[in-house]
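Notes follow once the structure below has been shown.
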Amino acid sequence: MIELVRWNEGEITIPYDPAQHELYNAKDPACVFHNVRWPLHPGRGKFGEFPLVVAREHFRALGYVVLASEPLLPNDEGFIVLAYPGKRKAGDPAYQRMEAIFGAASLADLNLRADAAKKKETGNRGGGDPDLFVYHPDDPPDRFFVEVKHHDHLTDKQRTTFPLIEELCPIVVARLTPKNC
């Protein structure tokens, strides 16, 4: 189990090589992330999917299973908690995956409260999920959400939804930081 820093108390840092970012953007096979790059095009990340891939691989290297807040990912690697209201209502497999972990009643109650809070804050019910859900396959209580940040900061919607999501399990902010190579 890693030591967690809660989202409202600070950030953990994940170093990356800026040269790898350039190789990733160029789709160069020399990139260490080439074989695990984001499979959907275009990605939904405001700053591209490189930060999510780096964070995902960081936690995988520590022995965790990592799901991303994207229901269209192949191989059951996506999840939905609060985002995608239409897909939640339709019982999308990415939402059912989280119902199996946290319980259908618990998620339904959370979504009622979160949808109201999101609508009040932003005028719609979309969004609000952290980027990643991380869990250890051999230690079920060792699980947490990760919001990945590179050049950006928490949004108002995230500040609205994260206290609610944290009722399920902790949320950490992981900041990508360039390392000197």
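The values are calculated or read from the model by the stated rules, or taken from the named source; none is laboratory data. These figures come from a predicted structure and were not determined experimentally. Reconstructed Cβ throughout: ideal geometry from the backbone, glycine too, with neighbour counts over all protein chains shown.
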Across region 157-181, the tally of residues that are more than 19 Å from Leu67 (Cα to Cα) and in contact with a helix residue (DSSP H, G or I) (Cβ under 6 Å, 6 or more places away or on another chain) stands at 4
The condition from (1) among the charged types (D, E, K, R); (2) under 17 Å from the mean Cα position of the chain (by Cα); (3) in a helix (DSSP H, G or I) that Asp142 misses is numbered (3)
Residues in region 1-27 that are modelled with pLDDT of 80 or more and either of a type outside the set (A, V, I, L, M, F, W, C) or surrounded by fewer than 12 Cβ atoms within 10 Å (Cβ to Cβ) (or both) total 14
Within region 97-120, the residues that are loosely packed, with under 15 Cβ neighbours inside 10 Å and not small (Gly, Ala, Ser) are Asp109, Leu112, Arg113, Lys119, Lys120
For Ala30, the lone unmet condition from (1) among the hydrophobic types (A, V, I, L, M, F, W, C); (2) surrounded by 13 or more Cβ atoms within 10 Å (Cβ to Cβ); (3) at pLDDT 95 or above is (2)
Selection over region 87-96 where residues are buried (at least 17 other Cβ atoms within 10 Å of the Cβ) and either in contact (Cβ under 8 Å) with a residue 60 or more places away in the chain or part of a helix (DSSP H, G or I) (or both) yields a count of 3
Per the filter on region 155-180, residues exposed (fewer than 14 other Cβ atoms within 10 Å of the Cβ), assigned to a loop (DSSP other than H, G, I, E, B) and out of contact with any strand residue (DSSP E or B) (no Cβ under 7 Å at 6 or more places or on another chain) are Glu167, Asn180
Restricted to region 1-34 and to residues being assigned to a helix (DSSP H, G or I) and touching a residue at least 12 places away in the same chain (Cβ under 8 Å), the residue farthest from Glu147 (Cα to Cα) is Ala19
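Looking only at residues in region 121-148 that are in contact with a helix residue (DSSP H, G or I) (Cβ under 9 Å, 6 or more places away or on another chain) and over 19 Å from Gly78 (Cα atoms), which one is surrounded by the most Cβ atoms within 10 Å (Cβ to Cβ)? Before the answer, list the steps.
Taking region 121-148 as the starting set, the residues that turn out to be in contact with a helix residue (DSSP H, G or I) (Cβ under 9 Å, 6 or more places away or on another chain) are 121-122, 124-135, 140, 143, 145-148.
Still in the running and over 19 Å from Gly78 (Cα atoms): 121-122, 124-125.
On the way: Glu121: 15, Thr122: 15, Asn124: 11, Arg125: 19.
Per the stated criteria, the residue is Arg125.
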Over region 145-165, the set of residues under 20 Å from Ala94 (Cβ atoms) and within 15 Å of the chain's Cα centre (by Cα) is Phe145, Val146, Glu147, Val148, Lys157, Gln158, Thr161, Phe162, Ile165
Scanning region 97-130 residue by residue, those in a loop (DSSP other than H, G, I, E, B) and acidic (Asp, Glu) turn out to be Asp129
